[in-house]
1. Dipole of the chain (Lys/Arg Cβ +1, Asp/Glu Cβ -1, origin at the Cα centre): which of Ile152, Thr304, Ile208 lies farthest to the positive side?
2. Could you tally the net charge around Arg271, taking each other residue with its Cβ under 10 Å from the Cβ of Arg271, Lys/Arg +1 and Asp/Glu -1?
3. Using modelled amide H (1.01 Å from N, peptide plane; none on Pro or chain starts), what sits under 5 Å from the amide H of Lys374, excluding residues fewer than 5 places away?
4. Using only Cα atoms, figure out Rg for region 192-307 and give it as a multiple of 2.2 N^0.38 Å.
5. Once you have the Cα-Cα distance between Thr75 and Ile228, take 0.36 nm times their residue separation minus that, and quote the gain in nm to one decimal.
6. What aspartates and glutamates does Lys168 reach when the alpha-carbon gap must be under 14 Å and sequence neighbours fewer than 8 apart in one chain are set aside?
7. For the residue pair Asp422 and Ile435, what label-to-label distance in nm results when each label sits 7 Å from Cα along the Cα-to-beta-carbon direction?
8. Note down the net charge around Gly156, summing +1 for each Lys or Arg and -1 for each Asp or Glu among other residues with Cβ under 12 Å from its Cβ.
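The values are calculated or read from the model by the stated rules, or taken from the named source; none is laboratory data. Every value quoted in this text rests on a predicted model; they were computed, and no experiment measured them. Quick reminder, even Gly has a Cβ in these numbers, built from the backbone with ideal geometry, and neighbours come from all protein chains shown. Each accessible area value is taken on the protein alone, full model and side chains, heavy atoms only, with ligands, DNA and RNA left out. Shrake-Rupley method; radii C 1.70, N 1.55, O 1.52, S 1.80 Å.
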Amino acid sequence: MRIIIIGGVAAGAKAAAKSKRMLPDSDVHIYTKDDYVSYSACGMPYYIAGDFQDWQKLIVRSVEEFEKSGIHIHTRQFVTKILPADKKIAVKDIDKEEWQFVNYDKLIIATGAIAIHPLFMNPKYTNVYTLRNLDDGIIIRKAMNVAKHVTIVGGGYIAVELVEAFVKNGKRITLVERAPFILSMFDEDISSLVQDYILQNSDNLVNIISGDTVAELVGDDNTVKDVITAKGYGFDTDMVVVSVGVQPAVELAKEAGITLGVTGAIKVNSRMETNLPDIYACGDCAEKVNMISNTPTWIPLGSTANKEGRVAAINVTGGVEDFEGILGSAVLRYRNLNISKTGLTEKEAIKIGFDTVSVVITKRDKAGYMPEVKNITLKLVADKRSHKLLGAQAIGCGDADKRVNTVSIGLLQGITVEELIDADLTYAPPFSTSIDILISAAQILKTKLS
Ligand SMILES: Cc1cc2nc3c(=O)[nH]c(=O)nc-3n(C[C@H](O)[C@H](O)[C@H](O)COP(=O)(O)OP(=O)(O)OC[C@H]3O[C@@H](n4cnc5c(N)ncnc54)[C@H](O)[C@@H]3O)c2cc1C
């Protein structure tokens, strides 16, 4: 069986490796327009920060290692068309400018996502960047090394990780965010605390302009020198990183007649099958199901891409495996602050139509007398009618993500507030308080519900 995979970062690389393991006689090929496959995009902010010096450490599995295991990697090969009726793809060799057709028995689309380029990003400027692939990471680190003042447009996960990287390198940073606070995927009572923490722990290097957008980049022939915001605020800059989000890379699929979902990503069933026979999609290019609301969603994450790649491979090679959906669980770090969430935020839950009840509490993560004790602020959101938990958000210099991960397992089981109170969580002074913050929060929620 010939299995062709388009894209080879997280979903594609995982799908290739699993396919070969499932069906050792299969003829597995990855086609990618990039120079590299199987690398950790998630690690790039830490490479830019200088946490490690060699970008090659980000490569999870080299082309040679893939070839050794019998998986054929074709880099710098741009797939320009899928021809489902002929079971072929058209591929352009980027260097030789040559085209060829490649047959498939099964096709896995793992084309990922692309960075959004807002209108103000004039391509003539060479000091304006987006961070998506490995080359971007290498270039941004080089540019940062000679810059004094960096502008970041957008305030999502990657932007916050870049703020940390630039602060670590002593750069002055101006971040422009359209929403009232950065990290708008959190509720404002949490994201405002993160914003305050960043401002108070940035060695006076960070300025956040929120509730405003970039209107124009001004410079000479090829270098941006000034940024002008929609509210008329202007400041100088040495480089700009635009991090305003990503969109699914679906053009190829759309042209081939593959159905897109309401989110604009490729519609797949739980086996990662598209509407066309023998064509699968996984990773950031594919739509997902929110397991709480049971509605289509698109939250592009590496954790999900890997799981979906595995499921696609099992089904492609004759097995049966379902991917039920996601909770949007995520974690990031700004210096000592852990920032984490799972499930629905309160604003998302209300938008979907839930009648919510919530609690925000701050408590120690360990016994108060332990030298390493830190605070955590936790928000739990529940449904007033069923008392079921809908989501959790936690931040703190303590183990915030441990609490969020616990809730994420509960959410899979449809856990209620009352059931969370009964959770038999571990306790010893170096790990928790005798009544963990999760239980305390659930107790308050129970009182509110009654
Ligand atoms: C800076 C950064 C930090 C991140 N941090 C985290 C994190 O901490 N945790 C987390 O869970 N996620 C994180 N993510 C998200 C995570 O990296 C992505 O969700 C993941 O890479 C998606 O994998 P993918 O294989 O679906 O797509 P992609 O990584 O986008 O790979 C798609 C590949 O397909 C290729 N391709 C596309 N179209 C074609 C074509 N027509 N022909 C040939 N090749 C094509 C692309 O060039 C690319 O190589 C981060 C992302 C970035 C950029």
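1. Thr304
2. Taking every other residue near Arg271 into account, the sum is -3.
3. Long-range HN contacts for Lys374: Asp365, Lys366.
4. 1.51
5. Stretched out fully, the Thr75 to Ile228 stretch lengthens by 51.1 nm.
6. Reachable aspartates and glutamates: Asp51, Asp203.
7. 1.8 nm
8. -1
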